[in-house]
Amino acid sequence: MHSEVDPDAEGLRDHAQRLLLLLPALGDADTPLEEARRTVAEALAAVGFRPDVVVEFAAQLLGEPERKPRWFLTPDSPIPVCSSNHSPRQVPLALGITEEQTRTLAAAFSGH
């Protein structure tokens, strides 16, 4: 959430807003749940949620931990899919885009 942002870049630059918009697509099994809840609660507070509700709301958004969710690739796409029951990325993303767009999206998700 605290990465540097190019001030001349297009799009949303606010860290908290970006995190909250991307939250449904994220599912990092390696981040400890309490750290994830704290980060989401901070983002909620930063965008104007009442301080007395952010901790509970963050916990509800993130749900309960599952047994070791994993990311895996399907034969149909290089975009990873999450095994978590709470992740919208259980289904391959961006069906119907070109092969080049698929590779670009896969690279973005893998941090390249």
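Just so it is clear, none of the values below were taken in a lab; they were calculated from the coordinates. Bear in mind the structure is a predicted one, so any value in this text is a computation, not a measurement. Note: ideal-geometry Cβ built from the backbone for every residue, glycine included; neighbour counts use all protein chains shown.
Annotations
- Residue 15-residue 74 FRET efficiency (beta carbon distance; Förster radius 22 Å; 0.05 resolution): 0.10
- The modelled label-to-label distance for the pair residue 23/residue 50, using points 7 Å beyond Cα in the direction of Cβ, is 1.7 nm.
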